[in-house]
Amino acid sequence: MPVPSLPLRLAVAEPAAVLPEAGHGYEPKLDGWRCLIHVPAGAVQSRTGSSLVDRFPGILEAAATLGRVVLDGEIVAYRDGRLDFAALGYGPVRRRAEGVTVVCVAFDLLGWRGRDLRPWPYSRRRERLEAV
């Protein structure tokens, strides 16, 4: 099965009064922008489906070093060792001039080496992500 094609819908966190006890994975909310990085398609997609390639050109380049991956993650900006949500709204030139670093924290591997991994259990995808 080939890697998933675009556009893809990303799972969205839902508030809960009580956390489920087993069978779930949790990631911290880092005060960034949720994204999908689709290296084979040359795309960085927002949670709503809009393109983020021009806003964050280095993200796709960095992900491409991992091969033909499709990643679910969160783009965060930091300055002086602290997260800076407002800097995500700046253009690349301004971020560079102000010493803002942008990274993507990946928390799921949806495609790898030409395969759609979404049918795999999350725990197995997570293991593969950590290996990649």
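Can you pull the Kirkwood radius for segment 9-132, inverse mean 1/r over Cα pairs, to one decimal in Å?
Working: mean 1/r = 0.0647 Å⁻¹.
Radius from the Kirkwood sum: 15.4 Å.
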- Query: Suppose every K and R has +1 on its Cβ and every D and E has -1 on its Cβ; what is the size of the dipole of the chain about the Cα centre, in Debye to the nearest 20?
  - Reply: 320 debye
- Rounded to the nearest whole Å², what accessible area per residue is found for segment 34-132 with the 1.4 Å probe? 53 Å²
- Item | Sequence of His38, His24 from largest to smallest accessible area, 1.4 Å probe | His24, His38
- Query: How much accessible surface does Arg124 have with a 1.4 Å probe, in Å² rounded to 10?
  - Reply: 110 Å²
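First compute the accessible area of the chain with a 1.4 Å probe, then give the percent of it belonging to carbon and sulfur atoms.
On the way: 4410 of 8200 Å².
Looking at the chain in its full context, I get 54 percent from C and S.
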- Note on the structure: Note, Asp84: beta-carbon cut-off 13 Å, +1 each Lys/Arg, -1 each Asp/Glu, net +1
- Message: Using +1 at the C-beta of Lys and Arg and -1 at the C-beta of Asp and Glu, which of Val39, Ala11, Val102 has the Cα lying farthest in the positive direction of the dipole of the chain?
- Response: Val39
- Query: To the nearest 10 degrees, how steeply does helix 122-131 sit against the main Cα axis of the chain, on a 0 to 90 scale?
  - Reply: 50 degrees
- Query: At a Förster radius of 22 Å, what calculated FRET efficiency corresponds to the Cβ-Cβ distance of Arg47 and Ala131, to the nearest 0.05?
  - Reply: 0.25
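Dividing the Cα convex hull volume of segment 67-129 by residue count, how many Å³ per residue is that? Mind showing how you got there, number by number?
On the way: hull volume 6.9 nm³, N = 63.
Dividing the Cα hull volume of segment 67-129 by its residue count gives 110 Å³.
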- Exposure rule at most 16 other beta-carbon atoms within 10 Å, DSSP loop GluC sites (Glu not before Pro): the chain longest free segment: 22-97
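The values are calculated or read from the model by the stated rules, or taken from the named source; none is laboratory data. Predicted, not measured: the structure shown is a model, and the values here were computed from it. No Cβ is skipped: glycine too gets one built from the backbone with ideal geometry, and neighbour counts run over all protein chains shown. Surface accessibility is based on the protein's heavy atoms, side chains included, excluding ligands, DNA and RNA. Shrake-Rupley method; radii C 1.70, N 1.55, O 1.52, S 1.80 Å.
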